[in-house]
Amino acid sequence: MDFVNRIPLEGLRSAVDQLKSELAKVIVGQHEFIELLIVALLSEGHVLIEGVPGIAKTVTAKLFAKTLSTAFSRIQFTPDLMPSDVLGTSVLNMSTSNFEFKHGPIFSNIVLIDEINRAPAKTQAALFEVMEERQITIDGHQYKLDKPFMVLATQNPIEQEGTYALPEAQLDRFLFKIKVGYPDLTDEIAILKSHNERTISQEASITPVLTPDQMAEYRSQIHQIRIEEKILNYIAAITVKSRTHPHLYLGGSPRASLAIMNTSKAFAAINGRDFVTPEDVKRTVIPVLRHRVILSPEREMEGMTPENVIDMLVQSIEVPR
């Protein structure tokens, strides 16, 4: 007897396959990176991308935006960047003698913020409201942003001179933190061959796949994915235990639990299922929690990483059957 979903997920799966195919024209490897970007898009979340220079963080984010039929803007964060350079400012119109609000680059659909930790705290704080509420308040007026709205921010974990660490409140607003590593030898050779043989620009080879209306439809389908109570209990147990784990100084907030639930639904949907399994939850736990937890000073001095502790934590909790 064939299994039939309650929700027609064929269109969503086809769109995800098309997105991956388009990006594969230029991006070699990085399959997990691309899949997490797609899951974040479908879950209406923002993504923090961390990795050393030269591993295509910015290129992948730009090309990912190019596969969507939406507006795109890129903001290079620097130490002298002001909040008005991001949000916009009121300018006096000499002909009417009235102030008019000039929209900043944040007024877009997909916003790439390069080197987010290069800007000072007041400029970083300008993103708090827009990332959480999809609106901006300037001079007492609220300006709603068009849907979809997604922030892709990059940062370099190695060079810390002239950087400003993101506060925990802002890190918590990112759905995922994706760590991008070096390619292996096979992928490195494939990158060289691809660049050597390419006859057109990277962006010219990418064709838009998804429209805003399609994204809204697929997000609506993901909200309908079934998640049983025992899976919800499993998610809650993971987050609550992170708050009392002896190796952690700070655990996950209720926002982390919601992020795990929503992204687990997205993982189930792109795999053609209308229900969430414990394996879907396990796939989301590290990218959701790694930037939300803080190691205890003793464990940090021992060289332990948040990923190590999250693995230990998940293994200590019984998987629902």
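Taking only Cα atoms and a 10 Å spring cutoff, compute GNM fluctuations for the chain and point out the largest among M94, M131, M304. Comparing M94, M131, M304 in the GNM, the peak value goes to M94. Measuring nothing but how far apart in sequence close Cα pairs (under 8 Å, 6+ apart) lie, relative to its length, region 36-184 scores a relative contact order of 37 percent. Using a simple spin-label model with pseudo-atoms 7 Å out from Cα toward Cβ, Q142 and N98 lie 2.2 nm apart. The amide H of I178, built 1.01 Å from its N in the peptide plane, has L48, I49, E50 as neighbours under 5 Å, considering only residues 5 or more places off or on other chains. At an R0 of 35 angstrom, the distance between the Cβ atoms of T89 and T211 translates into a FRET efficiency of 0.65.
Compute the distance from the alpha-carbon center of region 169-233 to that of region 8-84, in whole Å. When both Cα centres are located, 5 Å separates them. Amide H to amide H distances under 5 Å link L248 with S296, where only residues 5 or more positions off or on other chains count and H is placed in the peptide plane.
Counting only protein heavy atoms and using a 1.4 Å probe, the accessible area of I286 comes to about 40 Å².
Got the relative contact order for the chain handy, in percent, Cα pairs under 8 Å and 6 or more residues apart?
Values: 502 pairs, mean separation 73.2, N = 321.
Reported as a whole number, the value is 23 percent.
Listed values for region 85-102 are Karplus-derived 3J(HN,Hα) couplings in whole Hz (6.51 cos²θ - 1.76 cosθ + 1.60, θ = phi - 60°), namely 5, 9, 8, x, 8, 8, 10, 6, 8, 5, 6, 10, 6, 10, 7, 10, 7, 9, and x replaces Gly and Pro. The label-point distance for I317 and M304, in a model that sets each label 7 Å from Cα toward Cβ, rounds to 1.7 nm.
Contact order normalised by length for region 172-321, with contacts defined as Cα pairs under 8 Å and 6 or more residues apart; what percent is it? Each step should come with its number before you reach the end.
Working: 144 pairs, mean separation 42.5, N = 150.
Once normalised by length, the contact order is 28 percent.
Region 215-308: which trypsin sites (Lys or Arg not before Pro) are DSSP loop and have at most 14 other beta-carbon atoms within 10 angstrom? Could you put the intermediate results ahead of the total?
Values: sites: R219, R226, K230, K241, R243, R255, K265, R273, K282, R283, R290, R292, R299; in loops: R273, R290, R292.
Sites meeting the loop and neighbour criteria: none at all.
Label reach from L171 (point 7 Å along Cα→C-beta): in region 36-61, amide nitrogens under 18 Å belong to 46-52. Close amide-amide hydrogen proximity is noted between G88 and G104, each under 5 Å apart and 5 or more residues distant or on a separate chain (H modeled in the peptide plane; Pro and chain starts excluded). Which residue fluctuates the most in the chain, going by a Gaussian network model with Cα springs under 10 Å, if the choices are F107, F33, F99? Ranking F107, F33, F99 by mean-square fluctuation puts F99 first. Here the label points at K230 and A71, each 7 Å from Cα along the C-beta direction, are separated by 4.8 nm in the simple model.
In this structure, the residue pairs whose Cα-Cα separation is over 20 Å, taken from K66/K147; K20/K144; K25/K57; K20/K57; K25/K62; K20/K147, are K20/K144; K20/K147. Taking the 1.4 Å solvent-accessible surface of the chain as the whole, the part contributed by carbon and sulfur is 53%. Per-residue 3J(HN,Hα) values for region 227-242, derived from phi via the Karplus relation 6.51 cos²θ - 1.76 cosθ + 1.60 with θ = phi - 60°, read 9, 6, 4, 5, 6, 4, 4, 5, 4, 4, 5, 5, 5, 5, 5, 5 Hz in sequence order (x marks Gly and Pro).
The values are calculated or read from the model by the stated rules, or taken from the named source; none is laboratory data. Since the model is a prediction, treat every value here as computed from it, not as a measurement. When we count neighbours, we look across all protein chains shown, and the Cβ atoms used for this are built from the backbone with ideal geometry, even at glycine. Just the protein is used for accessible areas: all its heavy atoms, side chains included, with ligands, DNA and RNA removed. Shrake-Rupley method; radii C 1.70, N 1.55, O 1.52, S 1.80 Å.
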